[in-house]
1. Can you tell me which residues in the range 210-231 are at pLDDT 95 or above and part of a loop (DSSP other than H, G, I, E, B)?
2. Give the residue, chosen from 443, 508, 468, that is acidic (Asp, Glu) and within 20 Å of residue 407 (Cα to Cα).
3. Yes or no: residue 280 at positive phi and small (Gly, Ala, Ser)?
4. Do any strands (runs of 3 or more DSSP E) entirely within the range 327-394 hold 2 or more residues that are at pLDDT 95 or above and among the acidic types (Asp, Glu), and if so, which?
5. Taking residue 462 as meeting all but one of (1) in contact with a helix residue (DSSP H, G or I) (Cβ under 9 Å, 6 or more places away or on another chain); (2) not in a helix (DSSP H, G or I), write down the number of the exception.
6. Considering only residues that are within 21 Å of the chain's Cα centre (by Cα) and of a type outside the set (Asp, Glu), look in the range 373-387 and name the one that is surrounded by the most Cβ atoms within 10 Å (Cβ to Cβ).
7. List the residue pairs whose Cβ atoms are under 6 Å apart, where the first residue sits in the range 1-30 and is without any contact (Cβ under 8 Å) to a residue 60 or more places away in the chain and exposed (fewer than 15 other Cβ atoms within 10 Å of the Cβ), the second is among the charged types (D, E, K, R) and in a helix (DSSP H, G or I), and the two are 6 or more positions apart or on different chains.
8. Identify all residues within the range 411-436 that are free of Cβ contacts under 8 Å to residues at least 60 places away in the same chain and within 23 Å of residue 286 (Cβ to Cβ); write none if there are none.
Amino acid sequence: MTLYDLFRGSVQDFPERTAIICGEKRLTYRQLDAQINELTNDLIKWGIGKGERVGVYFPNCTFYPAMLYALLRIGAVFVPFNIRLSYFETVELIKLTGCSTFIFDRRYVGKEKEDKKHCPSILRWIAGDDEKVDKCNCKPHYELCPGESIDIAGEDEGLIIFTGGTTGNATGVVVTHDALVSRVVMKYRDEQRTMHYDVMLNHSPMFHTGGLSLMIQTLSAGGCFVMSEKFDPDAIIEDCERYQVTQMVLIPPNIIYSIADSPLMSSDKLSSVRLCIVAGGAADSTVVGKIFDTFENASIYLNYGSSENSITLGHIMSRKDFKQKPWRIKSVGIANMASFVRLLDENGNEVPTGEVGEAWGKSPAQMKYYLGRDSNAVNGWIPTGDLFRKDEDGYFYFVSRKKNMIKSGGESVYAEEVECVLKQHPDIKDCIVFGLPDRTYGDAVAAAIVPEVGKSLVGEEIVDFVKDRIASYKKPRKLFYVDEFPLTAAGKIARGEFTETLAARKPDYSI
């Protein structure tokens with residue numbers, strides 16, 4: 001069984017029900033299936049075959065599910081690329097995956113001519129839009145009828161999704177067809193399962209695990225998936241009323257303030273929402289309270305997951321829970337069906353209940369392997385690099401990341417990566433990068449900088465220097481200029497204490 005088989009079940013059960021909406025465009029399950037079939041045979045004409053890795057470079061659009069299912073039907077590997085990355089970051093990921101085909105939004109046409117110099121693995125550059133790809137006049141070796149797929153084994157690769165892991169360098173997570181199906185099936189024992197009558201509203205990018213997983217989950221259940229190309233609080237409010245949304249995503253949770261402050265805000269317009277899915281950052285009591293105030297009929301789903309999917313945790317918090325068990329706000333929930341979790345100390349021993357340990361996970365939905373690096377798995381158990389504690393009721397509480405990572409605006413930003421770029425600036429002697437609590441972004445990327453002797457720093461120029469080299473969302477939004485960094489007895493920067501001191505100080509530059 002494959003994801004396409006699950007989707008076809010929805011086509012057969014609900015052919016005239018709306019499957020997907022993006023902007024003013026909507027497709028029923030029958031129409032989406034027809035688009036998938038046409039696209040499948042177009043890809044066959046292009047000569048794309050089983051096992052080939054195909055890069056997909058598109059913003060959120062109705063074409064995304066068509067491309068996913070079409071590639072899976074012919075046994076190719078779907079590789080979604082983050083369109084927010086810089087040109088050089090994208091080239092490096094193409095090299096990492098060894099994609100043989102790159103299908104891109106035709107708004108980026110022309111870029112492929114330059115890419116050919118740097119990406120020798122790419123045999124086909126194919127432009128497309130939200131309806132189709134450019135045609136190939138080659139005679140196909142075969143064609144597939146609606147509902148047909150080539151023979152695919154469960155252990156065959158189906159998806160490569162990118163994650164930063166714990167190093168800051170993007171890593172390809174390879175997922176099999178069996179694992180993709182397991183990710184859907186396991187959700188039906190989860191409190192946040194999506195049913196055929198649900199309307200899911202998502203603003204998260206499809207090239208991230210969160211958005212892609214919710215789309216797959218919704219279309220497998222026969223529900224309606226509403227996506228937006230970018231976050232727009234006014235549009236979210238209008239979409240909730242227009243489509244009678246029942247579930248929606250808040251990534252990061254702090255975006256609730258933008259929704260609540262919108263001039264279009266009205267509790268009546270949001271009255272259909274019964275569940276808000278919170279992810280991409282911490283949700284404290286103030287944020288949770290604001291969500292309940294804004295969505296008067298909704299509960300909140302707090303969760304933890306990853307691209308590797310060795311662990312999935314989650315729980316629903318109702319208004320009653322919020323009042324009677326406020327400490328549960330800090331929990332990311334209990335382990336989902338068939339998701340096994342161990343908390344281990346540095347010696348590999350399980351820690352007692354209530355104590356902190358690194359989470360190791362094992363699940364039928366987990367990845368097959370990483371591209372380019374070892375997973376450090378032991379007997380199928382994969383380390384997450386994240387520290388948790390578990391209470392007597394089985395609820396897990398996220399404590400910290402083993403290495404520095406900042407969740408800003410729903411994106412993972414790694415301090416070491418930004419530091420490396422800043423240190424390339426000729427006027428910067430040393431720096432550290434860290435996160436500061438921020439109402440809009442959850443955590444804002446901040447940097448403390450020691451200038452070279454006799455040099456004056458211009459904040460705007462420093463930020464532009466970073467933006468020119470890595471994705472814009474990784475740029476520091478707050479800059480602090482310092483003479484030196486305090487050191488520990490071991491000669492290392494006393495990062496924790498020093499950043500706490502800076503948090504109480506006004507930045508020298510902010511955006």
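1. Result: 222, 223.
2. One residue alone meets the criteria, 443.
3. In short, yes.
4. No strands (runs of 3 or more DSSP E) qualify here.
5. So the condition that residue 462 fails would be (2).
6. 382
7. 15/30
8. If the condition is that a residue be free of Cβ contacts under 8 Å to residues at least 60 places away in the same chain and within 23 Å of residue 286 (Cβ to Cβ), then 435 is the only one that fits.
The values are calculated or read from the model by the stated rules, or taken from the named source; none is laboratory data. What you see is a predicted model, and the numbers here were worked out from it, not measured in a lab. Neighbour counts are summed over all protein chains in view; Cβ atoms, including those assigned to glycine, are modelled from backbone coordinates with ideal geometry.
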